[in-house]
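The values are calculated or read from the model by the stated rules, or taken from the named source; none is laboratory data. These numbers come from a predicted model, not from an experiment. Cβ placement follows ideal geometry from the backbone for every residue including glycine, while neighbour counts extend to all protein chains displayed.
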Amino acid sequence: MAGQEESTRQRLLRILKDRGGDAAIKELCVDLGLSPMAVHRHLDLLEKEGLVFSQARKLGKGRPPKRFFLTQQGHEGFERSYDVLADDVLVALRLLDGKEKIKEVFDLRKDQHLEEARRRILGTTLEARIHSLTAMLTDDGYRADWRKLGSNRYEIRLMNCAIDRVARRFPQLCLCEEEFLSEVLNTEVRRERHILQKDQFCSYLVGL
């Protein structure tokens, strides 16, 4: 039973992550195929563990419904591309050679990723490239998706930050990520949501 309980809670966390870290009880019941009572029981356990929190959102008349969100600790339970060692190495490099050396390292990383992405991303249209790019980013741990907003306008969402630990210490890395998306898609890209600004996911407008 303990294994089953753990599996259900992990599924619940992943559903919250894929929904942008934000969902109502009704939505979670549908996704999990469980009763409201059962979902509440799992959420209570996750709240006690510091992985989720709840907040009422007023949408109209009547009592505002509760929505559930991942905490920072909840987000950190997902895949990361960088570990403590990478963070420590960059801190040491900054102490030895200063901020400019850090910028050189991040620019080099971006160029290497561009070279790899241009080999892996297929498609002649912007939409085809976005579809291919989000698949690549998901493989890299970002849990990416996209949607069309209008004629040649799209939104890319990164539901997990694969570089979260390093980006919190070196926020300039996020600027490199934005530049990477713009250069690999060969169009204008602007960040709209940002995990480092306490949003539940990062999102980018493409083709403004």
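None of 144, 135 is surrounded by fewer than 20 Cβ atoms within 10 Å (Cβ to Cβ), small (Gly, Ala, Ser) and not assigned by TED's automatic domain parsing to the domain that holds residue 18 except 135.
Residue 55 passes every criterion in (1) modelled with pLDDT under 80; (2) surrounded by fewer than 16 Cβ atoms within 10 Å (Cβ to Cβ); (3) under 27 Å from residue 204 (Cβ atoms) apart from (1). For the structure I just gave you, tell me whether residue 2 is surrounded by fewer than 12 Cβ atoms within 10 Å (Cβ to Cβ), of a type outside the set (D, E, K, R), at pLDDT below 85 and touching a strand residue (DSSP E or B) at 6+ places or on another chain (Cβ under 8 Å). In short, no.
Only a single item in (1) surrounded by 15 or more Cβ atoms within 10 Å (Cβ to Cβ); (2) touching a Cys at 6+ places or on another chain (Cβ under 8 Å); (3) of a type in the set (A, V, I, L, M, F, W, C) is not met by residue 196, and it is number (1). Within segment 108-123, the set of residues being surrounded by 15 or more Cβ atoms within 10 Å (Cβ to Cβ) and not in a helix (DSSP H, G or I) comprises 121 only. Kindly evaluate residue 189 against the criterion of being surrounded by 13 or more Cβ atoms within 10 Å (Cβ to Cβ), touching a residue at least 40 places away in the same chain (Cβ under 8 Å) and not charged (D, E, K, R). No. Of the numbered criteria (1) in contact (Cβ under 8 Å) with a residue 40 or more places away in the chain; (2) closer than 19 Å to residue 72 by Cα; (3) loosely packed, with under 13 Cβ neighbours inside 10 Å, the one residue 171 fails is (1).
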